[in-house]
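**Student:** Below is the structure I would like to discuss, written out as structure tokens.
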Amino acid sequence: MTAAQRISQAATQDASREDGAGWDALIRPLNPTTLAPLPEIQPTTADELDAVASSAAAGLRTWAADPRRRSRVMRDWAEALRADAGELSADLVAETGKPITEARAEVAAAADALEYNAGLTRIHLGTAGSLPDGSVSHVVREPVGPSLFLVPWNWPVLLLLRDLAPALAAGVTCIVKPSPQTSHVTTRVLRLGRRAGLPEDVVQVV
């Protein structure tokens, strides 16, 4: 079996286990460079997923209500990423096999995405205009509900925060489904967000 085949096999659920657990089977990713085992991952159950979705919906109103808070949390999160860049980059190398220079650039760009969008939280981009009948239309943009983010394995930190940051700035709550291959580094990034003040129900990983 080639290295690529072993990695692909390890990134899927081990349905051949003797206990036949299927959905509950552990996911066993491998370091793509050394083929050494990475930390095992327990898949989210259907009941857990329902609980996450309910929590995200419940947290929307509070998160959307305070743009200054969102801006502060996102700026602090960006600084936390920069402070932890060395270990995050090492995790990226272990889980994706990319060069360390590329890993460092990914972390830096992800921090920039958070910082840029933090500045947009206090810009209200509603529009107003006159209609043909003489009335005035006022369009207000506002978050309507939780959003799901499916994150690929090859740039897991940047592609997550490039899309997550504008959603958070707009006041949306989020559910993140990372690639099994890069679940550990994704969880680490979100742990840094928690330390920066990101509420548990605003961004959750499944």
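The values are calculated or read from the model by the stated rules, or taken from the named source; none is laboratory data. Please read these numbers as outputs of a predicted model, since none were measured by experiment. Using ideal geometry, Cβ is built from the backbone for each residue, glycine included, and neighbour counts are taken over all protein chains shown. Side chains are part of the model used for accessible areas, which takes the heavy atoms of the whole protein and leaves out ligands, DNA and RNA. Shrake-Rupley method; radii C 1.70, N 1.55, O 1.52, S 1.80 Å.
**Student:** Which whole-number percent gives the relative contact order of segment 142-206, counting Cα pairs below 8 Å spaced six or more residues apart?
**Tutor:** 38
**Student:** In whole Hz, with x marking every Gly and Pro, tabulate ³J(HN,Hα) for segment 173-181 from phi via Karplus 6.51 cos²θ - 1.76 cosθ + 1.60, θ = phi - 60°.
**Tutor:** 8, 9, 10, 10, 10, x, 5, x, 5
**Student:** Using the heavy atoms of the protein chains and a 1.4 angstrom probe, tell me the accessible area per residue for the chain in square angstrom.
**Tutor:** Ligands and nucleic acids excluded, the result is 54 Å² per residue.
**Student:** Relative to the longest principal axis of the chain, what angle (0 to 90°, nearest 10) does the C-alpha long axis of helix 46-64 take?
**Tutor:** 30
**Student:** Something else about it: Hey, any idea what % of segment 60-206's accessible area is carbon plus sulfur with a 1.4 Å probe?
**Tutor:** Whole-percent figure for carbon plus sulfur exposure: 55.
**Student:** Restricting to bridges with both residues inside segment 122-187, how much of the DSSP beta-bridge set is antiparallel, in percent to the nearest 5?
**Tutor:** 45
**Student:** Given a cut-off of under 8 Å on Cα pairs at least six residues apart, what relative contact order in percent is computed for the chain?
**Tutor:** Dividing the mean separation by the residue count of the chain yields 24 percent.
**Student:** Read phi for every residue in segment 93-107 and hand back ³J(HN,Hα) as whole Hz from Karplus 6.51 cos²θ - 1.76 cosθ + 1.60, θ = phi - 60°, with x for Gly and Pro.
**Tutor:** Running phi through 6.51 cos²θ - 1.76 cosθ + 1.60 with θ = phi - 60° gives 4, 5, 8, 10, x, 6, x, 4, 4, 5, 4, 5, 5, 5, 5 Hz.
**Student:** Turning to a different aspect of this structure: When the helix-only estimate is applied to the chain (DSSP H runs of n ≥ 4, each -39,500 (n - 2.57), divided by the residue count), what is the mean residue ellipticity at 222 nm, nearest 500 deg cm²/dmol?
**Tutor:** -16500 deg cm²/dmol
**Student:** Kindly report, to the nearest 10 Å², the accessible surface of residue 75 as traced by a 1.4 Å probe over protein heavy atoms only.
**Tutor:** About 100 Å², ignoring ligands and nucleic acids.
**Student:** Scan around residue 30 for amide H atoms under 5 Å from its own, H built in the peptide plane at 1.01 Å from N, and keep only partners 5 or more places away or cross-chain.
**Tutor:** 38
**Student:** Under the rule of at least 5 residues apart or a separate chain, name every residue whose amide H is placed under 5 Å from the amide H of residue 196.
**Tutor:** none
**Student:** Express as a percent, rounded to the nearest 5, the fraction of DSSP beta bridges in the chain (both residues included) that run antiparallel.
**Tutor:** If we restrict to bridges inside the chain, about 45 percent are antiparallel.
**Student:** Which loop-located trypsin sites (Lys or Arg not before Pro) does segment 77-122 contain, where loop means any DSSP state but H, G, I, E or B and the Cβ has at most 12 other Cβ atoms within 10 Å?
**Tutor:** Counting only loop positions with at most 12 other Cβ atoms within 10 Å, the trypsin sites (Lys or Arg not before Pro) in segment 77-122 are 122.
**Student:** A further question on this structure: What residue among 145, 193, 134 has the largest mean-square fluctuation in a Gaussian network model of the chain, using Cα springs under 10 Å?
**Tutor:** 134
**Student:** Among 35, 152, 90, whose Cα sits farthest toward the positive end of the charge dipole of the chain (+1 at Cβ of Lys/Arg, -1 at Cβ of Asp/Glu, about the Cα centre)?
**Tutor:** 90
**Student:** Sticking with this one: Rounded to the nearest 20 Debye, what is the dipole magnitude of the chain about its Cα centre when Lys and Arg each give +1 and Asp and Glu each give -1 at the C-beta?
**Tutor:** The calculated dipole for the chain is roughly 660 debye.
**Student:** Same structure, new question: Quick one: which residues, 5 or more positions from residue 176 or on another chain, have an amide H under 5 Å from its amide H? H modelled 1.01 Å from N in the peptide plane, none for Pro or chain starts.
**Tutor:** Under 5 Å from the amide H of residue 176 lie the amide H atoms of 149, 204, 205, 206, each far enough along the sequence or on another chain.
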